[in-house]
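The values are calculated or read from the model by the stated rules, or taken from the named source; none is laboratory data. Here the structure is a predicted model, which means the values were calculated and not measured. Heads up, the Cβs are rebuilt from the backbone with ideal geometry, glycines too, and the neighbour counts pull from every protein chain shown. Each accessible area value is taken on the protein alone, full model and side chains, heavy atoms only, with ligands, DNA and RNA left out. Shrake-Rupley method; radii C 1.70, N 1.55, O 1.52, S 1.80 Å.
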Amino acid sequence: MLAAPLAAVAVTVAAFGCVAAVDPNVPGRYPACPVLSLTGLACPACGGLRSAHAFAHGDAGAAVAANPLAALSFAALALLLAVWLAQSLRARPFPFTPRPAHAAIAGAVTAAFTVARNVFGVAG
């Protein structure tokens with residue numbers, strides 16, 4: 001019962017470890033965003049690697065400045081993984097079942113963020 005949450009934690013730690021080790025603030029380390037390159041518009045993930053790098057180094061302010069939606073998502077992911085692992089250690093089911101409404105809300109928030117960052121210059 002611990003295999004899945006431990007694997008999820010391991011993959012997450014490895015991913016953040018890679019981004020922590022290879023600074024996306026240095027030009028040429030990662031490919032450019034294709035949406036930004038082709039359209040000149042920032043996608044909802046633009047600044048996400050910089051945010052992940054800052055998050056991995058414990059700099060919440062820089063993480064939020066790079067991409068507030070990504071920083072919030074990283075914090076939510078950390079919380080969800082911690083709860084999942086704790087519940088699994090107690091042999092209890094995960095206390096949250098995603099529903100279609102959750103996906104709709106996440107999509108609406110992402111769309112609103114994308115419009116706000118491109119129209120009003122919000123973050124990134």
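What is the one condition in (1) farther than 24 Å from VAL119 by Cα; (2) touching a helix residue (DSSP H, G or I) at 6+ places or on another chain (Cβ under 7 Å) that ALA15 does not satisfy?
Failed condition: (2).
Counting only residues that are open to solvent by 80 Å² or more (accessible area, probe 1.4 Å), under 21 Å from ALA54 (Cα atoms) and in contact (Cβ under 8 Å) with a residue 12 or more places away in the chain, how many does segment 25-41 have?
Residues that pass the stated criteria total 1.
For segment 69-108, which residues satisfy the criterion of being under 13 Å from ALA45 (Cα atoms) and of a type in the set (A, V, I, L, M)?
Matches in segment 69-108: LEU69, ALA70, ALA71, LEU72.
So that you can scan it fast, the table gives a plain yes or no per residue for (1) in contact (Cβ under 8 Å) with a residue 12 or more places away in the chain; (2) of a type in the set (A, V, I, L, M, F, W, C); (3) over 24 Å from GLY28 (Cα atoms); (4) open to solvent by 50 Å² or more (accessible area, probe 1.4 Å):
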| position | (1), (2), (3), (4) |
| --- | --- |
| PRO68 | yes, no, no, no |
| ALA101 | no, yes, yes, yes |
| ALA106 | no, yes, yes, yes |
| ALA116 | no, yes, yes, no |
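With without any contact (Cβ under 8 Å) to a residue 40 or more places away in the chain and touching a His at 6+ places or on another chain (Cβ under 6 Å) as the only criterion, which of VAL83, VAL19 stands out?
Details: VAL83 fails: touching a His at 6+ places or on another chain (Cβ under 6 Å).
Residue meeting the stated conditions: VAL19.
Residues to consider are PHE16, PHE55; find the one that is open to solvent by 70 Å² or more (accessible area, probe 1.4 Å) and farther than 17 Å from GLY121 by Cα.
The unique qualifying residue is PHE55.
For ALA45, indicate whether it is surrounded by fewer than 17 Cβ atoms within 10 Å (Cβ to Cβ) and among the hydrophobic types (A, V, I, L, M, F, W, C).
Details: surrounded by fewer than 17 Cβ atoms within 10 Å (Cβ to Cβ): no; among the hydrophobic types (A, V, I, L, M, F, W, C): yes.
When the stated conditions are applied, ALA45 does not pass them.
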